[in-house]
Amino acid sequence: MCRYSVIPLCAAALLAAAVAGCSRADRLDARLDAIRDDRARRLIRDTIWHHGSKYDWAGAGTLRAEVTWTDHLPGGDRMQREVWTVDPVTDDCRIVVPDESETVVRDSLGLRVERGGERVADALARARAAGRVRLTTELLTLPVSLVGDGRHLVHAGTEVGPGGTRRWDRLMVVYDAGRGGERGDRMVVAVRGGGRCIDRALVRWSELPFIGRTMRVDLDLWLPVDGLRVSRRWRLTPADDAGEPAGPVRYTVRIDAITTGATVP
């Protein structure tokens with residue numbers, strides 16, 4: 001009897017090992033190990049630990065954020081309520097704009113936009129939706145998003161503040177064609193010395209409202225949520241080649257509420 005019971009026990013052990021090897025934490029580990037730049041790999045590991053841990057991010061499931069998007073126009077601010085859900089490991093996301101009865105979904109099947117229950121094929125609406133997806137998947141889940149699929153991370157030098165009182169490491173994300181937008185898309189984040197908070201990002205993305213322009217994103221109000229630290233306010237400003245503001249703040253994104261382990265309809 002014992003002779004035959006060894007087989008199912010061994011099979012169960014092998015199955016358990018296989019499942020463990022495919023865990024969400026293991027997927028994050030594999031992406032970190034794949035970073036070729038040693039300095040970037042060490043820095044992003046420290047930065048992720050400062051904003052939770054790889055285990056917290058892997059176990060968080062889907063994040064759900066209630067968002068207020070403010071468009072600062074010459075004639076006055078225009079505000080829009082949105083609900084964003086995103087999986088920090090798979091990058092699958094869903095965006096709901098209640099006032100417009102609009103839903104945007106991006107997953108393994110691609111990008112879909114619906115308004116009033118009907119599929120939207122309009123190119124402008126899809127480009128605007130793609131920009132929202134970019135913000136959701138790239139900024140809401142910082143710093144884990146820096147090691148997402150189709151992204152390559154390199155150390156891009158250091159920056160010292162006035163009087164040498166502060167120091168930032170710059171990490172640059174380069175995207176694979178077909179996964180991260182058009183050729184030439186880039187994101188550079190400034191990490192406070194020692195792998196701590198991300199103070200700002202310079203993004204050059206092809207989707208609306210960026211369309212290839214460099215935008216500076218100042219990130220603050222890093223507050224805890226279930227073991228994670230998430231930035232609750234982003235201010236987007238047109239920037240010059242040096243990353244300095246080239247005008248007033250153009251958009252503000254405020255995270256009014258955020259939860260983990262969300263259920264996506």
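So here's what we get for this one:
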| quantity | calculated |
| --- | --- |
| VAL133 being under 14 Å from the mean Cα position of the chain (by Cα) and more than 20 Å from ALA239 (Cβ to Cβ) | yes |
| Residues located in the range 207-224, provided they are surrounded by fewer than 18 Cβ atoms within 10 Å (Cβ to Cβ) and out of contact with any helix residue (DSSP H, G or I) (no Cβ under 7 Å at 6 or more places or on another chain) | ILE211, GLY212, ARG213, ASP218, ASP220, LEU221, LEU223, PRO224 |
| Any hit, the range 89-97, residues being under 21 Å from VAL174 (Cα atoms), surrounded by 18 or more Cβ atoms within 10 Å (Cβ to Cβ), out of contact with any strand residue (DSSP E or B) (no Cβ under 6 Å at 6 or more places or on another chain) and not aromatic (Phe, Trp, Tyr) | yes |
| Count of residues meeting criterion [touching a residue at least 24 places away in the same chain (Cβ under 8 Å) and in a strand (DSSP E or B)] in the range 153-172 | 9 |
| Selection count where residues are at pLDDT 95 or above, closer than 26 Å to TRP57 by Cβ and of a type in the set (A, V, I, L, M, F, W, C), scope the range 226-265 | 8 |
| Candidates VAL203, VAL225, VAL230, filtered to the one that is within 19 Å of HIS155 (Cα to Cα), touching a residue at least 24 places away in the same chain (Cβ under 8 Å) and within 17 Å of the chain's Cα centre (by Cα) | VAL203 |
| Flag for ARG167 being surrounded by fewer than 17 Cβ atoms within 10 Å (Cβ to Cβ), modelled with pLDDT of 90 or more and basic (Lys, Arg) | yes |
| Tally, over the range 146-187, of residues that are in contact with a strand residue (DSSP E or B) (Cβ under 8 Å, 6 or more places away or on another chain) and farther than 20 Å from PRO209 by Cα | 22 |
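For (1) surrounded by fewer than 19 Cβ atoms within 10 Å (Cβ to Cβ); (2) modelled with pLDDT of 95 or more; (3) within 23 Å of ARG94 (Cα to Cα), each residue gets a yes or a no:
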| site | (1), (2), (3) |
| --- | --- |
| LEU140 | no, yes, yes |
| VAL154 | yes, yes, no |
| VAL174 | yes, no, no |
| GLY180 | no, no, yes |
| ARG183 | yes, no, no |
| ARG196 | yes, no, no |
| LEU202 | no, yes, no |
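The values are calculated or read from the model by the stated rules, or taken from the named source; none is laboratory data. Keep in mind that what you see is a predicted model, and the values were worked out from it rather than measured. FYI the Cβ positions are ideal-geometry reconstructions off the backbone, even for glycines, and counts take in every protein chain you see.
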